[in-house]
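The values are calculated or read from the model by the stated rules, or taken from the named source; none is laboratory data. Note that the coordinates shown come from a computational prediction; the quantities given were computed from them, not determined experimentally. Don't worry about glycine lacking a Cβ; one is built from the backbone with ideal geometry, like all the others, and counts go over all protein chains shown. In case anyone asks, the SASA skips ligands and DNA or RNA and just uses the protein heavy atoms, side chains included. Shrake-Rupley method; radii C 1.70, N 1.55, O 1.52, S 1.80 Å.
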Amino acid sequence: MKLGDSLIEKGLLTNERLSLALAHQKITGSMLGETLVKLGFVSSGEIAKTLADQTGIPFIDLSEYNVSEDAIRLIPKEIAEKAGFIPLRLTDSSIEIGITNPSNIQAIDTASKISGKKPRIFLIDNTGFYETLERVYFFLANPIQQNIETAINEIKSSPSLPAATVADLAQNLIMEGIRRKATDVHISPAADTMNVFYRVDGVLQYGFCIPKAAQAGIISRIKVMSLLDISEQRLPQDGSFSMSFLNTKYEMRISTTPTIYGENVVIRVLAGGTGQLLRLEGLGFDPGNTKRLRALFQKPYGIILITGPTGSGKTTTLYAALREVDLIERNVLTVEDPVEYKLSFVKQTAVNLKAGYDFALAGRNFMRQDPDVMLLGEIRDEETAKIAIRASITGHLVLSTLHTNDAVTSVPRLLDFNIDRFLLSSSLLAVVAQRLVRKLCSNCKEEYQVTDEELELIDISGLKDVTLKTAFRAKGCNMCSNTGYMGRTVVGEIMVVNDEIRELIAAGSSLMKIKEAALKHGMVPLKAAGIQKIKQNITSIEEIVRLID
C-alpha cells in the first residue's frame, strides 16, 4: 500500500491534506513523506510507526531511548551514516541497530560484518535518526563531562585563574545540559564552592561541584553572552542569547538573582522546533478523555483552558489540539512566548515585551484578522482575560493556559481578573488540568507488594472502587542513566462545562458544588488518573505522590 493510503487508513491523514501535500510536492520536488512532515500533517515518527506496522519490524522512539556508548564505539560514524543506521545496543549474541528504511540490507550486512554479531533491527524515524546520529557521535568525540572535570582540576591547581579555561567551562556546563536533555541549568553559589544542577524530566539532578575561584568568571561569562550588566550584582536581571549546536538553534533564557554567597543563575534551555508534535492519543490521556478532548476542539466557539504548573506540558497539549483543527478551512492565529513549534497554515507570532507586544495587544489585533481559532499562550492579566472572553462570545474558539492546581480552581482564578460571572459561565467550554509524570524504564522496572505506609501516603480512601496491592518501582540501569525512569506522560483531569456547571458558576456556587457536579458528569480527578497509571505499570507510587496532592 502506498504511504499516503496507509496514513489515511490509520486516520493520520485526510484526503484533502494528501491532495494539498501532493500539490506542494509538485512545486518543491521533495519526497511525499518529507512534504507531509514539513507541512505538519504527520510527524516523522508517525510515518515510521506506519512503516513498522506494514513490515512487522518493531519501532523505537529515540527520544525515549539512550544509545549505548559501547555500540557507537564499535561502529565509526562515517560507516553508520553511509549505510543508514544507528548502532543502538550490544548484547551477548546480537547488535541492535535502528534503520529508517525497512529494505536497507546494506545496514544489516555492515553491522553484522563489523560486530561479528547477528543484527536485530528496529525502525526509527527519519528526523530522530539524523538528530541522534549527530548527538551521540559528537559527545563520544567530545566527552563533555571529562572536559568539565579537567577544567575543574586545572582551576584547582593553577595559582592564576586561566580566563580561557573558565570561559570554556561555562560553555561546557551549558552543553552538558543539552546532552542530558535538561530544561533548566542551575548554577548555585555556596559558601566555599559553586554547585551545578540540571532539571531533567522535571526533577533536579546534581551535576558538578565547581571551585569558588571560578564563580565570578563563570557568571560574568554567562552575563556577557546574555548582554546583562556584569557590574550589577545587587539586583536580579533577565536576559537571553541564542546558541546553534548540532544543527539546532537553542534559545537560552537567563535569570540571575543575588544571594548571600553571590549571584544565582538559572538558564532555561529552549530547543527551537526540536521534538515531534504529538497527537491527542500520544499525550497520555485515557481513551475516554481523548475522545472528550477531540469533541471539544471541534467546537465553533468558546474558551478551552489548559492549566497546571510550569513545565507540565500545557503548550504540547495546545499544539496537539491544533492538529485536530481543520487548518485548511479555519483561520488559526497564535501568540506565544516563545514560538516552540512551527506549524504550516497557522499564523504564529511571539510576544515582544520590549516593543510593547504582549498577549493582550496580540489578542486585540487578532480580532481584525478574521480568525476562527485564537491561541493566546497564557492568560496573565485582566486585559488578556477580558479579550479572551470577548473573542469567545463573538464566535471564536479561544485556546489558552492558566496557572492553577486543578480544573475547578480555574473558575475563581478567572473571576479574580474581574470577569463577569455570566460571561464566564456562557463562554467557558472546558478546563484541562494536567501534570507530567515520569515513565518507569521498561528495561529495569521491578514489581513489588505495596506497603501500608505507601497506601497511607497516596491516600486512596476518598476514591471509589480503587485498590492497589502490587505496583512497579524504579530500579535504575544503563538504559535510563540509573534513574529508573525514561520519558514522561500526561496525567490529567477534564472538567467539561455543561448546563448544570454553567448555572453553578453564574450563581456563584462554592467550588465544592462545582466539583461535585463535574465528578457526577464524568470528570476523573487527577489522583485517580495517576493511580490508573500506577495500575497500568507506567509510573510509580513515588512519582504520583511527588506530583499530585
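Using θ = phi - 60° in the Karplus curve 6.51 cos²θ - 1.76 cosθ + 1.60, the 3J(HN,Hα) couplings for the range 115-121 round to 7, x, 10, 6, x, 10, 9 Hz; x is entered for Gly and Pro. The candidates SER244, SER44, arranged from most to least accessible area with a 1.4 Å probe in the full protein assembly, appear as SER244, SER44.
Using alpha carbons only, the radius of gyration of the range 371-459 set against its Kirkwood radius gives Rg/Rh = 1.21. Past the 22 Å Cα-Cα mark, which pairs from LYS2/LYS117; LYS118/LYS445; LYS291/LYS520? Check vs 22 Å cut-off fails for LYS2/LYS117; LYS118/LYS445. Where both bridge residues fall in the range 271-385, DSSP classifies roughly 10% of the beta bridges as antiparallel. Stretching the chain fully between VAL545 and GLN205 yields a gain of 120.5 nm (0.36 nm per residue, less the alpha carbon separation). Counting only cysteine Cβ atoms and a cutoff under 4.7 Å, the chain contains unmatched residues CYS209.
Spacing of the modelled spin labels on GLN106 and TYR130, each 7 Å from Cα toward Cβ, amounts to 1.7 nm.
Here's the picture: charge each Lys and Arg Cβ at +1 and each Asp and Glu Cβ at -1 in the chain, and of SER481, VAL491, PRO119 the one pushed furthest to the positive end of that dipole is PRO119. Between ILE57 and HIS521, the modelled labels are 4.9 nm apart [label points 7 Å from Cα along Cα→Cβ].
Which of ASN247, ASN264, GLN237 sits farthest toward the positive end of the charge dipole of the range 144-272, with +1 on the Cβ of Lys and Arg and -1 on the Cβ of Asp and Glu? It is ASN247.
Length available on full extension from ASN443 to LEU270: 0.36 nm per residue minus the Cα-Cα distance, which gives 59.4 nm. Checking (1) -0.38, -0.79, -0.96; (2) -0.62, -0.96, -1.08; (3) -0.47, -1.00, -1.20 against the coordinates, the calculated log10 I(q)/I(0) by the Debye sum over Cα atoms at q = 0.07, 0.10, 0.11 Å⁻¹ falls under label (3).
Taking label points 7 Å from Cα along the Cα-to-Cβ direction, SER242 and ASP92 give a separation of 5.2 nm. Bridging of LYS181 to lysines at a Cα separation below 16 Å is possible for LYS249, LYS439, once same-chain residues fewer than 8 apart are set aside. The Cα atoms of the range 425-537 define a convex hull whose projected area, averaged across directions, is 8.4 nm². Along the Cα-to-C-beta direction of SER157, a point sits 7 Å from the Cα; which residues of the range 208-224 have their amide N less than 18 Å from that point? Once the point is set 7 Å along Cα→Cβ of SER157, 210-214 turn out to lie under 18 Å by backbone N, inside the range 208-224. Just the Cα atoms of the range 23-97, one point each, no solvent: what log10 I(q)/I(0) does Debye give at q = 0.12, 0.18, 0.21 Å⁻¹? Scattering profile of the range 23-97, log10 relative to I(0): -0.49, -0.91, -1.04.
Electrostatic bookkeeping for ASP372 treats Lys and Arg as +1 and Asp and Glu as -1; over the other residues with beta carbon under 12 Å from its beta carbon, the sum is 0. If R0 is taken as 51 Å, the Cβ-Cβ distance between GLU81 and ASP452 corresponds to a FRET efficiency of 0.40. Among the protein heavy atoms, those of PHE208 account for about 10 Å² of accessible surface (1.4 Å probe, every chain in place). Across the accessible surface of the chain, with the other protein chains kept in place and a 1.4 Å probe, carbon and sulfur atoms take up 50 percent.
Over all pairs of different C-alpha atoms in the range 1-49, the reciprocal of the mean inverse distance, the Kirkwood hydrodynamic radius, equals 10.6 Å. Fully extending the segment from ALA295 to THR349, taken as 0.36 nm per residue of separation minus the present Cα-Cα distance, adds 16.8 nm. Mean separation of Cα pairs under 8 Å and 6 or more residues apart, divided by the residue count, gives the chain a relative contact order of 9 percent. Amide H contacts under 5 Å for ARG488: LYS439, restricted to partners 5 or more places along the chain or on a different chain, H placed in the peptide plane at 1.01 Å from N.
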